[in-house]
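Comments concern the structure below.
Quick note: the coordinates plus some simple rules give every number you see, no bench work behind them. Only a predicted model underlies this, so the values are computations on that prediction, with no experimental measurement involved. All Cβ positions, glycine included, derive from the backbone under ideal geometry; neighbour counts span all protein chains shown.
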């Protein structure tokens, strides 16, 4: 059973990942090149807006639960290869999906149903981001 303090620690880590995702998507959208990736660049900018929205939701939930929303940013990745950049983004989305599934279970354990619903909305967006990137990579 997770404690509320453990949950807050993990939510803050999720928040730091959301900040990193937004920064990474901004950089990748600006630097991805090649005709095969032209449609994904606009979608990456949509992802930026959604990742910032996720950060807002997480910060509000953390504060509501008595925590202090972090200003830390997790590690970001980039590369000279457009394909590699999208693969980095895909790995980030897959990490987010795993983490949010865990967080939803933890919210359920603690009977934090509002948090659970908020996390389910974020998870749905992250799954959509994964599909977008997989499509761009021809997967």
(message) What distance in nm separates the two pseudo spin-label positions at residue 71 and residue 43, each 7 Å out from Cα along the beta-carbon direction?
(response) 3.5
(request) Note down the relative contact order for the chain as a percent, whole number, built from C-alpha pairs under 8 angstrom at least six residues apart. (result) 33
(message) Suppose the chain between residue 80 and residue 113 were pulled fully straight at 0.36 nm per residue; how much longer would it get relative to their current alpha carbon spacing?
(response) 7.6 nm
(request) Report the paramagnetic label zone for residue 10: residues of segment 74-103 whose backbone N is under 19 Å from a point 7 Å from Cα along the Cα-to-Cβ axis. (result) 74, 92-103
(request) Using the number of other C-beta atoms within 10 angstrom as an exposure proxy, rank 19, 77 with the fewest first. (result) 77, 19
(message) If R₀ is 22 angstrom, what is the calculated FRET efficiency for the pair residue 135 and residue 87, using the beta carbon separation as r and rounding to 0.05?
(response) 0.95
(request) Provide, as a two-decimal number, the C-alpha radius of gyration of segment 37-86 over 2.2 N^0.38 Å, N being how many residues it has. (result) 1.52
(request) When you have a sec, figure out the Kirkwood radius of segment 4-139 from all distinct Cα pair distances and drop it here in Å to one decimal? (result) 15.1
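List the relative contact order of segment 1-74 as a percent without decimals, with contacts defined as Cα pairs under 8 Å and 6+ residues apart.
47
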(request) Calculate I(q)/I(0) for segment 1-75 by the Debye formula, one identical point scatterer on each C-alpha and no solvent, and give its log10 at q = 0.23, 0.25 Å⁻¹ to two decimals. (result) -0.93, -1.03
